[in-house]
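Peer 1: Let me give you the structure first, and then I'll get to my questions.
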Amino acid sequence: MTVQAALASSSDTGYLFRGDGSYTRYDGPSGAQAGSDDVVAQWHGLPRSPDAAVYWSFDKVYFFVGGDYYRYDLGADAVEPGYPRPVAGNWPGLPGDGVDAAVNWGNGKVYFFRGGDYYRYDMTDDRVDPGYPRPIAGNWPGVWEDRVGAVLYQGGSQAYFFRDETYRRYDLANDKVDEEGAVAALRLAPVPSGSMLAARHLTQEQANGLVVDLIGRGLVSLKGGVTRPAVGARVVVQPTSVNGMPYTNQVAPGASLIDNVDQRMLVVLYRLTRWINSSHPDVSEILHLGIGHGSGPPNDCHNQGRALDLSGVVGSDDGTPFRKEVLKDWGNLPATGGIRLDAARDPVAYLLFTHVYTFASFECESNGIGPQNHWPPPPLGGSGFVIYPDYGGDPALRSAHQNHFHMQVGPTRV
């Protein structure tokens with residue numbers, strides 16, 4: 001039976017929803033099929049097998065059924081009250097009568113497919129990006145050009161496109177299809193446990209598996225050529241580039257390494273490079289005031305390598321170089337009583353810093369610690385554990401963070 005939708009969840013499980021009302025589970029770390037069941041019986045509140053599905057964050061999944069969508073809470077295991085709602089008017093830029101497929105690309109973008117076109121949806125701006133839709137043809141080499149039935153991306157280096165009972169595996173690094181086969185014979189490429197889980201929820205074992213995977217793919221290097229650090233050990237990143245992106249310490253710009261890094265924070269550093277460079281402008285360097293060390297006692301998150309103080313971003317916008325610093329381009333702006341970032345005055349700073357904030361809210365401690373984090377995350381200007389120039393919580397914290405974003409995993413002190 002036709003594969004109608006696919007979903008990668010935060011529980012290390014991939015789902016294929018079929019047109020006959022059944023679904024099949026796949027285990028992420030092994031890639032093996034893990035059983036089947038009935039959609040309506042097990043996904044409480046869905047009327048039928050969905051047309052598309054996408055994991056968002058905070059244990060929320062959006063299911064699309066015709067011109068309606070449902071928000072599903074994985075913790076409560078049910079559609080939330082007040083749903084379904086119409087796609088039209090709630091998903092700016094998407095076709096109001098529905099979509100064929102959806103996939104969270106893990107970089108702050110969700111791709112939607114409809115007929116021969118695709119739409120790139122920005123999770124921070126909550127709209128389809130300018131310049132979309134675009135044709136599948138010429139942009140997704142090897143993918144069916146006139147219709148995609150479903151897409152599954154569980155993290156890592158490969159995604160799976162489905163049409164009826166056929167799949168095509170997509171290699172992200174080489175940007176093309178590299179395998180085709182029957183869904184009946186599908187075994188997914190294994191991905192490390194925690195690949196779709198926010199860094200704040202990772203166990204030390206999961207973080208270690210993700211770091212080992214990043215090392216194996218050449219996306220990060222540790223001092224001395226270490227390829228399998230001990231679980232729970234703080235690591236030394238050398239050189240300071242992660243996923244090809246230099247992290248430059250403005251306090252010690254000549255530093256050739258980042259030491260004392262909690263492995264969960266190293267996952268944050270990697271994922272941030274994907275978010276911040278998922279569309280224009282082109283980012284080439286991230287500036288910070290500290291990752292593995294800071295002021296305060298030894299049990300502080302800074303001194304345990306669990307915090308990042310991001311102070312700026314360097315790159316180019318349509319060929320024009322820029323250097324946006326949190327202090328110069330935000331903290332030093334005249335007080336307005338609200339958010340001083342202004343898309344009309346400085347669109348590059350606005351885009352970069354709002355996306356950094358959304359990323360930090362999704363991946364790091366947001367409005368609680370660990371399981372206390374809950375939907376929705378605080379809006380920009382609110383309180384919480386992500387701190388920045390216009391932070392709406394403790395005025396003393398706001399004053400101390402005019403020159404950087406603070407983001408952390410785990411409690412402030414242990």
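Since every read-out is calculated from the coordinates, none of them should be taken as a lab result. Here the structure is a predicted model, which is why all the values come from computation and not from measurement. Here Cβ is always computed from backbone atoms with ideal geometry, including for glycine, and neighbour counts include all displayed protein chains.
Peer 1: If one takes the longest principal axis of the Cα atoms in the chain, at what angle in degrees, from 0 to 90 and to the nearest 10, does the Cα axis of helix 347-363 lie?
Peer 2: 70
Peer 1: Within 10 Å, count the other beta carbons around each residue, average over each peptide in 304-315, 164-175, and list them highest first. Intermediate results must be reported in sequence, preceding the final value.
Peer 2: Details: 304-315: 23.9, 164-175: 15.8.
Order by mean packing, descending: 304-315, 164-175.
Peer 1: Same structure again: Against the longest alpha carbon principal axis of the chain, how many degrees, from 0 to 90 and to the nearest 10, is the axis of helix 204-216 turned?
Peer 2: Roughly 90 degrees, rounded to the nearest 10.
Peer 1: Compute the Cα gyration tensor for region 225-308, then decide on rounded, prolate or oblate, letting a ≥ b ≥ c be the square roots of its eigenvalues: rounded whenever a/c is under 1.5, prolate when a/b is larger than b/c in the other cases, and oblate in all that remain.
Peer 2: Working: a/c = 1.71, a/b = 1.37, b/c = 1.24.
It comes out prolate by the Cα gyration axes.
Peer 1: Taking a cut-off of 27 Å between Cα atoms, list the lysines near residue 60, but don't count ones fewer than 8 places away on the same chain.
Peer 2: Candidates past the 8-residue exclusion: 109.
Peer 1: What aspartates and glutamates sit close enough to residue 324 to cross-link, taking a C-alpha to C-alpha distance under 17 Å and skipping anything fewer than 8 places away on the same chain?
Peer 2: 282, 285, 309, 342, 346, 390
Peer 1: Here's another thing I want to ask about it. So for the pair residue 145, residue 166, with labels modelled 7 Å out along Cα→Cβ, what separation do we get in nm?
Peer 2: Those two pseudo-labels are separated by 1.4 nm.
Peer 1: Now for a different question. Using R₀ = 25 Å, calculate the FRET efficiency as 1/(1 + (r/R₀)^6) where r is the Cβ-Cβ separation of residue 396 and residue 327; round to 0.05. Write down the numbers at each step before the final one.
Peer 2: Values: r = 17 Å, r/R0 = 0.70.
The formula returns an efficiency of 0.90 here.
Peer 1: If you don't mind, another one. Only helical DSSP H runs with n ≥ 4 go in: add -39500 (n - 2.57) per run for the chain, normalise by residue count and round the 222 nm mean residue ellipticity to 500 deg cm²/dmol.
Peer 2: My calculation for the chain gives -4000 deg cm²/dmol from helical runs alone.
Peer 1: While we're on this one: What FRET efficiency comes out for the pair residue 318/residue 252, r = Cβ-Cβ distance, R0 = 30 Å, nearest 0.05? Provide the component values of the computation, followed by the final result.
Peer 2: Values: r = 32 Å, r/R0 = 1.07.
Between residue 318 and residue 252 the formula returns 0.40.
Peer 1: I would also like to ask the following. Can you tell me which of 265, 123, 196 moves the most in a GNM of the chain? Springs connect C-alpha atoms under 10 Å apart.
Peer 2: Highest fluctuation among the options: 123.
Peer 1: What distance in nm separates the two pseudo spin-label positions at residue 44 and residue 274, each 7 Å out from Cα along the beta-carbon direction?
Peer 2: Each label point is offset 7 Å from its Cα along the Cβ direction, giving 3.1 nm.
Peer 1: Set the Förster radius R0 to 30 Å, insert the Cβ-Cβ distance between residue 129 and residue 372 as r into 1/(1 + (r/R0)^6), and round the FRET efficiency to 0.05.
Peer 2: Working from the Cβ atoms, E equals 0.35.
Peer 1: What is region 125-207 by shape, rounded, prolate or oblate, if you read a ≥ b ≥ c off the alpha carbon gyration tensor as root eigenvalues and call it rounded for a/c under 1.5, prolate for a/b larger than b/c, and oblate otherwise? It would help to have the intermediate numbers written out before the result.
Peer 2: Values: a/c = 2.29, a/b = 1.28, b/c = 1.79.
It is oblate, given that a/c is not under 1.5 and a/b is not larger than b/c.
Peer 1: Another question, if that's okay. Report the full-extension gain for the segment residue 201 to residue 20: residue separation times 0.36 nm, less the Cα-Cα distance, to one decimal in nm.
Peer 2: 61.7 nm
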